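Since the structure comes first, as structure tokens, the remarks are kept for the end.
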């Protein structure tokens with residue numbers, strides 16, 4: 001199974017509704033494969049500014065676009081019961097005509113939890129809750145009647161109607177950084193999303209391959225997705241056409257086949273248009289190869305500092 005190469009744009013919810021619609025229609029017109037919003041209650045880099053809620057905004061954007069796939073990068077499990085998330089996902093899948101990608105992660109930005117009085121568990125509980133939430137969402141999106149008994153969540157003959165437009169369910173994208181979360185990805189996800197240096201992403205790719213091997217899963221059935229934002233030290237891909245190649249190239253070599261990139265500054269929109277018209281078609285045509293056997297790739301050494309909650 002050869003994994004296709006795709007490109008998407010991520011926008012913060014700090015723009016007006018009218019400008020957000022205009023930008024998303026631009027991304028669609030330029031041929032980007034997907035567009036994403038973030039899931040925060042305030043913007044981490046500018047907590048005093050305006051910020052819309054992710055899923056209600058996504059529903060509106062789903063109604064104002066036609067082709068582009070869309071999602072939340074990623075839903076914070078600390079904000080919603082997973083049954084509510086599943087209902088939201090089904091609703092947006094219908095509004096979009098089956099274009100939804102369901103993004104989910106454990107949650108990380110503690111200050112907004114404190115600000116709004118939302119409990120923020122220790123790392124071990126965050127991971128445990130996320131594992132159960134993934135199972136609950138997966139059940140509710142796949143079948144009409146579901147029961148589940150976990151430590152944190154439970155379902156008792158929970159009915160999920162209507163079914164999603166996409167069958168057996170919309171694709172599930174999970175954000176993960178450490179071994180425990182990556183195991184959840186290998187067990188349940190269609191797409192893994194992360195960020196870091198190319199060496200670090202290559203290291204995680206190898207760990208995912210090991211998990212897939214343990215589970216008897218074809219590693220090429222799992223999309224490897226990079227969230228690309230300049231503040232992580234990856235460089236600014238919108239600085240120039242050459243900068244885009246310089247940023248993307250090492251990640252292609254490390255096995256990534258989906259690139260979700262923060263939208264450019266207003267002054268860089270022209271560069272984005274040139275990249276969309278002159279660069280992306282050739283990259284997509286070249287495609288991406290199957291994952292090589294584990295023995296065929298050299299071990300990589302992590303080149304960035306892992307966060308304290310790397311689990």
Exposure proxy order (Cβ contacts within 10 Å, fewest to most) of 153, 251:
153, 251
Across 193, 77, 220, the residue with the highest GNM fluctuation in the chain (Cα network, 10 Å cutoff) is 220
Distance in nm between label sites at residue 56 and residue 84, each 7 Å beyond Cα in the beta-carbon direction?
1.2
Burial ordering of 68, 261, 118, fewest other beta-carbon atoms within 10 Å first
118, 68, 261
Could you check which residue among 101, 132, 66 shows the biggest mean-square fluctuation in a GNM of the chain with a 10 Å Cα cutoff?
66
Measure out, as a whole number of angstrom, how far apart the alpha-carbon centroids of the range 154-179 and the range 52-93 sit.
12
For the chain, modelled as a Gaussian network with Cα springs under 10 Å, which listed residue fluctuates most, 236, 262, 22?
22
Can you give the extra length, in nm with one decimal, that the chain gains between residue 218 and residue 123 once fully stretched, where that is 0.36 nm per residue apart less the Cα-Cα distance?
31.3 nm
Could you tell me the center-to-center distance, by alpha carbons, between the range 182-235 and the range 95-152 in angstrom?
19
Taking 42, 134 and counting other beta carbon atoms within 10 angstrom, the fewest-first order is 42, 134
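All of the numbers you see were taken from the coordinates with simple rules; none came from a lab. The structure displayed is predicted, hence computed values, not measured ones. So basically every Cβ, Gly included, is an ideal-geometry build from the backbone, and we count neighbours across all protein chains shown.
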